[in-house]
1. Please work out the Cα center distance from the stretch 535-563 to the stretch 471-514, rounded to the nearest Å.
2. Report, to the nearest 10°, how far helix 318-344 tilts away from the longest principal axis of the Cα atoms in the chain, using its own Cα long axis and a range of 0 to 90°.
3. Counting only Cα, what are the radius of gyration and maximum Cα-Cα distance Dmax of the stretch 6-253, in Å?
4. Classify the stretch 403-546 from the C-alpha gyration tensor, please: rounded if a/c falls under 1.5, else prolate or oblate depending on whether a/b exceeds b/c.
5. Calculate how steeply helix 3-12 sits against the longest principal axis of the alpha-carbon atoms of the chain, using the helix alpha-carbon long axis, and give the answer as 0 to 90 degrees to the nearest 10.
6. Can you pull out the trypsin sites (Lys or Arg not before Pro) in the stretch 681-756 that DSSP calls coil and that have at most 16 other Cβ atoms within 10 Å?
7. State in Å² the accessible area per residue of the chain; use a 1.4 Å probe, count heavy atoms of protein chains only, and round to the nearest integer.
8. If each DSSP helix of 4+ residues adds -39,500 (n - 2.57) and the sum is divided by the residues in the chain, what number results at 222 nm, nearest 500 deg cm²/dmol?
Amino acid sequence: AKGGDTCEYLLSSGRFLGEKVWQPHSCMMHKYKNSEAKNCLVDKHIVFIGDSRIRQLFYSFIKLINPHVKEEGNKHGNIPFEDKAASIKVDFLWYPEVNGSMRQRIKSWTEGSVAKPHIVVAGAATWSIKIHNGSNEALTQYKINITSIAPLLEKLAKSSDVYWVLQDPVYEDLLSESRKMITNEKIDAYNEAAVRILNSSSRNSKAKVKLFSVSKLIAQETIMQSADGLHLPESSRDTNAMILMNVYCNKIMKPIDGSCCQPLPPLTLIQKLAFCFFTLSIIGYLIISLIHRNNFRKNKSCTDLESGEEKKPAISTPNVSTLEMLLHSFCKLGLIMTYFYLCDRANLFMKENKFYTHSSFFIPIIYVLVLGVFFTENSKETKVLNREQTDEWKGWMQLVILIYHISGASTFMPVYMHIRVLVAAYLFQTGYGHFSYFWIKGDFGVYRVCQVLFRLNFLVIVLCIVMDRPYQFYYFVPLVTVWFMIIYATLAVWPQIVQKKANGNCLWHLGLLLKLICLLTCIYFLSYSQGAFEKIFSFWPLSKCFELNGNVYEWWFRWKLDRYVVFHGMLFAFIYLALQKRQMITEGKGDPLFSSRVSNILLVISVVAFLTYSIWASSCKNKTECNELHPSVSVVQILAFILIRNIPGYVRSVYSSFFAWFGKISLELFICQYHIWLAADTKGILVLIPGYPMFNILVSTFIFVCVAHEISQITNDLAQVVIPKDNSTLLKRLLCTAGFFSGLLLFSAVQDQSRH
């Protein structure tokens, strides 16, 4: 659906997702706040002209600018409204019939010297039906009058946005005796006349009077809640006002979650260069594949008849195969990025708003958990948090987070608080995993650092370029990247204390604990010194990575929300590895982790702690207050889960291969969901197959998972080639990478200047 078409859809079609949530066909509607409405309508003059139904719409519209307005104007007279601070004028003009008076008023706006309104919303018919007792003569006169007004509206539409509101149906059972002649049959006849005349008059003209027919659909669902059978209930007219605001303001304000009426964003210089790069990669791969195949045919090994041995092909292939592998990876990546762009930037596919219901979240969760348990297998290792177990943990957490995002469950506080623990658990694993590696292996080489940074950031950097998004937009990757660098710095800085060294002298353990205490002190200081934190990350070029909407507040908020959990992960790894070294835990197959008595006590404590945290999280009422406590207490449920999962020998000896498979691609799933499963940068849902919500979810999920798996493969393949083990080659690559990012910063600065 193209940008222009989404305007047509917004004005003419849609459905209710819940009692009061309107979903336009194919696009997303933004919920405008008062401040946004004022910013959009600054220095604008808006006119509502018509009967009491238009007056209702007028009041709902001005309440979007100032919610404290009271509906106390003269019911059968003109009502002015002005917001002097924003210089906004909105007028209601009482013209209950389409007649000479209305024509004269519209004509006055089309004459040169008079200031024209920026928006005109007009409509009337029920008074004509009522006054003339529903006679056919009145309908004929209405047709004559609207035919004389149509060219004037069309002329006005050249300089203003003009909307003709079609008549809503009535609820005949509730109509008073004086309105009984206003039937739905009559209303349909009047609407038909208005549509035919206004459409035929603008057929040959570029300027078009827009027909506001969506109100009819809304009224069909809600008019029975009307107080008098004629006027819409408040929630319905508020929806109509919000639709009007979206039609006019989306192209000005460009809200991420308001895809209706938004034009296609122009391609940036960096996007054009990326497009050229991927196109050349595809062409290069095809050429090399053809050359390679031809050489293979020519040099096909043939048997030497004299010796009976095979002759080897003369051509040497390693360089060709490396280049071919690189081009093959970029070729696949180019096609995948085209799909990303088409899904979330090109307005090719439809997008819809999320709508939360308990069933839309909990039913898929139960289904996925049952599937996971069904694929239970024996694990190769029985150590605490072994590779299969951590993959399984990442997998089920990622699936729960995906369901949380697509169902819009962030509006339900108990679910929100539990999801926060899952994000914290990811970071806990970051602390645990990287600490364990450095402590046991003692490998602080540049190769290891580059491998980790490449695997974490490759996809996000490509998406920043292709989708024109800042690095901080994909907040989780900057978070794990910074924490990895903090863990590395803490352990690599002098004195380097690793397990091998510490085993010789217990004092080294104290040295490491001192390092961890220093780290905790720094975290504590930064968490209570927003100014210092923002200064550090506001330095150029760091600011280019961590700014979102012109400041680093979002990065500060994300970092602060889980500030202690990585430290908790490091501390847990240190204690666990120390206990393991001193053989204070048993990790044999089927054996409990400690003695039976200690295991049972710890298990009971863990279950109680786990449930206590869940009860507290479920009773949370205030998101801000609960977020303040979360960094300190989230570790309780994480540790409780680890102990419940690892103390019983049997539970530790099995894992779910289903969850572990998803765990291996959890990072790619988390990032890819932004654009090819969700839409409008996670604010909505991608619609590949309109009209069939369940089938659409199945198809888009299948494609999304396949793409994430493929990107994981591409990242691993490229990591082997791009990051060599040889230090001198690696140094050259790092210099090339520095050059690449310098070029990116330069192009980004040029782009920013051209935008301003």
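1. 22
2. With rounding to tens, the tilt is 30 degrees.
3. Final numbers for Rg and Dmax: 17.2, 49 Å.
4. prolate
5. Computed tilt is about 50 degrees.
6. Answer by residue number: K725.
7. On the way: 36690 Å² over 756 residues.
Spelled out: the 1.4 Å probe surface of the chain, per residue, equals 49 Å².
8. On the way: 29 runs with 476 residues, N = 756.
-21000 deg cm²/dmol, from helical runs alone.
The values are calculated or read from the model by the stated rules, or taken from the named source; none is laboratory data. Source: prediction; values computed, not measured. A quick note on method: Cβ atoms are made from the backbone with ideal geometry, for glycine too, and the neighbour counts reach across all protein chains shown. Each accessible area value is taken on the protein alone, full model and side chains, heavy atoms only, with ligands, DNA and RNA left out. Shrake-Rupley method; radii C 1.70, N 1.55, O 1.52, S 1.80 Å.
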